[in-house]
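The values are calculated or read from the model by the stated rules, or taken from the named source; none is laboratory data. The structure presented is a predicted model; accordingly, all values stated were derived computationally and were not measured. Cβ: placed from backbone, ideal geometry, glycine included. Neighbour counts: every protein chain shown.
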Amino acid sequence: MTSTTTWKVGPLAEASGLTVRTLHHWDGIGLLSPSQRTAGGHREYTEPDLVRLYQILALRALGLSLESIATCLDGGLDPARLVQDHLARVESALAGLDLLRRRLRRLDDDLTAGREPTTGTLLDALRALGRTGAEGGETLRVHLDPEQLQLLETRGAALGPTAYYLLEVEWPELYRRAERLRTDGAPPTDPRVRRLAARMDELTVLFTGGDAAVSAGVRAAWRADPAAMSGDPAAPADEWRELADYLDRARGTGA
């Protein structure tokens, strides 16, 4: 039986720890729009809206920007994966705080007893502080050397769970949007196409650190074997290459 419970913007803001202004802003940018309005035009949020709100807050807690969150939600999410990643991030944060608490207690015990903390105790506390602030292809091997592959792995690991959503959800959705525009006849100079290409380039920098050689190697791998790189065995190589050329023209780097 479907619930008919709805929430006004004020109570929802209070329950979620957000401000009314934030919910209004998210409605304005299309990130979270209420499914219903009263006869007087007031916002009313339904249970599906609350599900989307949880997804937004969980993805934000994982470090994604509002723009990335919107793209990921449009591209489709695995609810179980999202809850698991959110839970893992919370458990990691709790473990870090517990470690910090225990080490701070040792410091407090020393100071309360009039003892000078040992160097080891101080270093342990510093390491614990550092921990609480940390965030968490064969085809590539043809185009990148071991050092470049290590750079990609290191930067991906530093992004933690965020890397999955950027690589496996947002990036493919950006490509799908670009392909729709291409097949609809939009010219590469269309601002929408250029925005998509610019966002792809931002993601590339996140994973390559702006290393031009690594970026070129990754692009070469996509051109050489789009099926392997996209994880889609049915990916048509010719269409992928046409799309790559289209995006290069949008960047002003293509013929």
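Taken together, LEU152, LEU167, LEU196 contain a single residue that is surrounded by fewer than 18 Cβ atoms within 10 Å (Cβ to Cβ), aliphatic (A, V, I, L, M) and either under 18 Å from LEU73 (Cα atoms) or touching a Ser or Thr at 6+ places or on another chain (Cβ under 9 Å) (or both), which is LEU167. Going residue by residue through region 79-92, is there one that turns out to be surrounded by 15 or more Cβ atoms within 10 Å (Cβ to Cβ), modelled with pLDDT of 80 or more and of a type in the set (Ser, Thr, Tyr)? No - not one qualifying residue is present in region 79-92.
Restricting attention to helices (runs of 4 or more DSSP H) lying wholly within region 158-255, give those where 1 or more residues are more than 21 Å from the chain's Cα centre (by Cα) and under 22 Å from ALA70 (Cα atoms).
Result: 171-183, 191-208, 237-251.
Exactly one residue out of GLY160, GLY114, GLY96, GLY120 is assigned by TED's automatic domain parsing to the domain that holds ARG177 and at pLDDT below 80, and it is GLY160. Consider region 53-78 and keep the residues that are in contact with a Cys (Cβ under 9 Å, 6 or more places away or on another chain) and of a type in the set (A, V, I, L, M, F, W, C). The one that is surrounded by the most Cβ atoms within 10 Å (Cβ to Cβ) is LEU59. Given the condition at pLDDT 90 or above and among the β-branched types (Val, Ile, Thr), answer yes or no: does some residue in region 197-208 qualify? There is no residue in region 197-208 that is at pLDDT 90 or above and among the β-branched types (Val, Ile, Thr). One residue stands out among those in region 19-47 that are of a type in the set (A, V, I, L, M, F, W, C) and more than 21 Å from CYS72 (Cα to Cα): the one that is surrounded by the fewest Cβ atoms within 10 Å (Cβ to Cβ), which is ALA39.
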